1. Please go through the range 308-328 and pick out each residue that is part of a strand (DSSP E or B) and open to solvent by 50 Å² or more (accessible area, probe 1.4 Å).
2. Among Leu447, Leu438, which is in contact with a strand residue (DSSP E or B) (Cβ under 7 Å, 6 or more places away or on another chain), buried (at least 24 other Cβ atoms within 10 Å of the Cβ), at pLDDT 95 or above and farther than 23 Å from Gln247 by Cβ?
3. Name the one entry in Ala276, Ala257, Ala264 that is open to solvent by 10 Å² or more (accessible area, probe 1.4 Å) and within 18 Å of Val148 (Cα to Cα).
4. Could you tell me whether the range 130-152 includes any residue that is under 16 Å from Gly282 (Cβ atoms), of a type in the set (Phe, Trp, Tyr) and open to solvent by less than 40 Å² (accessible area, probe 1.4 Å)?
5. Restricting attention to the range 219-242, which residues are crowded, with 21+ Cβ neighbours inside 10 Å and more than 13 Å from Phe266 (Cβ to Cβ)?
6. Which residues, taken from the range 329-346, are assigned to a loop (DSSP other than H, G, I, E, B) and either surrounded by 15 or more Cβ atoms within 10 Å (Cβ to Cβ) or in contact with a Gly (Cβ under 6 Å, 6 or more places away or on another chain) (or both)?
7. If I ask for residues that are crowded, with 24+ Cβ neighbours inside 10 Å and of a type outside the set (A, V, I, L, M), which ones from the range 291-307 would you list?
8. Quick check, is Ile350 in contact (Cβ under 8 Å) with a residue 40 or more places away in the chain, farther than 18 Å from Glu113 by Cα and open to solvent by less than 10 Å² (accessible area, probe 1.4 Å)?
Amino acid sequence: MNDSPAPIEQDGVEQHGVEQVRRLVTEVPGPRSRELDSRRSAAVSAGVGVGLPAYVARAGGGVLVDVDGNHLIDFGSGIAVTSVGNAAPEVVARVQAQVADFTHTCFMVTPYEGYVAVCEALAELTPGEHVKRSALFNSGAEAVENAVKIARTHTGRQAVVALDHAYHGRTNLTMALTAKNMPYKQGFGPFAGEVHRAPMAYPLRWPGAAEKTEEQIAAEALDAFVSTIRTQVGESNTAAVIVEPIQGEGGFVVPPAGWLRGVADFCAEHGILLIADEIQTGFCRTGDWFACDHEGVVPDLITTAKGMAGGLPLAAVTGRAEVMDSVHAGGLGGTYGGNPVACAAALGAIETMRSHDLVGRARRIEAILRPRLEALQEKYPVIAEVRGRGAMLAVELTAGPGDLTPHATATAVINKHCHSQGLVTLTAGTFGNVLRFLPPLVSPDHLLEDGLDIIEDAFARVLG
């Protein structure tokens with residue numbers, strides 16, 4: 001491991017064999033991508049959606065190269081997964097070595113060191129100095145499901161409280177925890193029981209927000225949260241509250257300062273476990289190792305996935321030792337959970353995050369993106385808010401000043417124009433009116449600036 005952070009390459013030549021430039025040689029998507037998309041339509045379930053059908057052949061740094069040779073700027077990171085890039089040398093080297101040794105044994109049958117090493121790293125990196133234990137899984141949804149199982153076992157209670165605008169996954173229990181119906185829940189019920197919903201501290205959309213301070217909104221939202229649990233659930237019935245410190249699919253909603261601390265204090269007072277869902281926010285994305293670090297909040301349980309393993313499927317629940325150990329032997333696990341190749345990738349990704357100071361890099365990305373997004377907001381009043389933290393930023397589009405009616409149509413058209421110009425962007429939000437930006441943390445500055453130029457041009461073309 002390097003003693004000092006290595007700089008992100010800024011010369012615009014290559015990262016991991018991929019030239020760090022945007023270059024369009026065909027329309028997007030091009031002819032080869034369209035051919036592949038025809039094959040997809042014939043072979044893949046229509047229920048699996050695709051945002052931009054430009055089929056990727058290579059990737060590295062902040063660039064995706066499609067099968068037509070187009071170099072696309074990546075402002076999506078596979079939904080916050082490829083934070084260290086798509087082919088980080090430390091990840092590739094460790095994965096190649098592990099594949100050559102063995103690909104699977106099942107940790108529950110014959111264990112291996114990689115699983116233990118990942119859990120040791122999680123104990124070191126996640127918030128809090130208490131003794132911790134971890135269990136590894138395949139996906140964020142699995143991690144959330146198991147966090148709920150652990151909380152119910154430890155507390156002997158059944159009720160779980162989630163928040164408005166939350167997203168926690170697509171399995172039956174996590175759909176119940178997820179707030180948004182379409183496309184995540186429509187037609188898939190009935191869902192798991194003993195899941196309750198409380199108001200989220202959503203500053204832009206809090207009642208009377210225009211006349212209130214952030215401190216007032218935090219206090220009112222906390223009162224509403226407490227009142228919901230007290231009157232509709234009961235503190236003594238509540239096993240856990242699950243919260244995204246910054247909401248992801250819900251629109252990158254950042255609660256006002258102090259609200260998360262208030263939730264944590266309330267939970268501690270009543271023996272309720274606080275589960276922090278850091279699946280999208282974790283591993284340097286927000287300019288801290290974990291978003292909870294921003295306010296010094298230490299959750300009882302934390303779920304991680306996405307950016308954890310450089311693109312390989314790995315997830316975890318990490319928590320207080322006495323909580324994690326309350327589950328009987330054999331109660332946690334799964335055939336592929338903590339697969340040795342995925343564990344090797346995670347150790348390589350964590351090494352990359354440390355050696356390249358990707359916490360600092362996420363803050364640098366915010367320093368580049370936020371001022372230009374805020375300048376765009378001044379020019380186009382349909383941008384009601386620029387929000388987020390680190391390399392997790394978003395703009396919410398509405399009808400205009402004083403009118404918070406969601407402008408999903410403009411959001412979709414702007415997103416599509418960005419795609420046509422070789423910039424991979426994503427939408428989000430309960431109302432489909434949020435553009436979110438999640439560039440790989442290794443993206444060089446000039447790519448970020450080029451991507452911002454495309455965004456500005458998209459607004460100009462769509463909004464005039």
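The values are calculated or read from the model by the stated rules, or taken from the named source; none is laboratory data. Just so it is clear, the structure is predicted and the values come from calculations on it, not from any experiment. When we count neighbours, we look across all protein chains shown, and the Cβ atoms used for this are built from the backbone with ideal geometry, even at glycine. Surface areas here come from the heavy atoms of the whole protein model, side chains and all, with no ligands, DNA or RNA. Shrake-Rupley method; radii C 1.70, N 1.55, O 1.52, S 1.80 Å.
1. Matches in the range 308-328: Arg320 only.
2. Leu447
3. Sole residue among the options that is open to solvent by 10 Å² or more (accessible area, probe 1.4 Å) and within 18 Å of Val148 (Cα to Cα): Ala264.
4. yes
5. Ala239, Ile242
6. Leu332, Gly333, Gly334, Tyr336, Gly337, Gly338, Asn339 - these are the residues of the range 329-346 that are assigned to a loop (DSSP other than H, G, I, E, B) and either surrounded by 15 or more Cβ atoms within 10 Å (Cβ to Cβ) or in contact with a Gly (Cβ under 6 Å, 6 or more places away or on another chain) (or both).
7. Pass one, the range 291-307, residues crowded, with 24+ Cβ neighbours inside 10 Å: 291-292, 299-307.
Cys292, Pro299, Asp300, Thr303, Thr304, Lys306, Gly307 - these are the residues of the range 291-307 that are crowded, with 24+ Cβ neighbours inside 10 Å and of a type outside the set (A, V, I, L, M).
8. So Ile350 fails the test.
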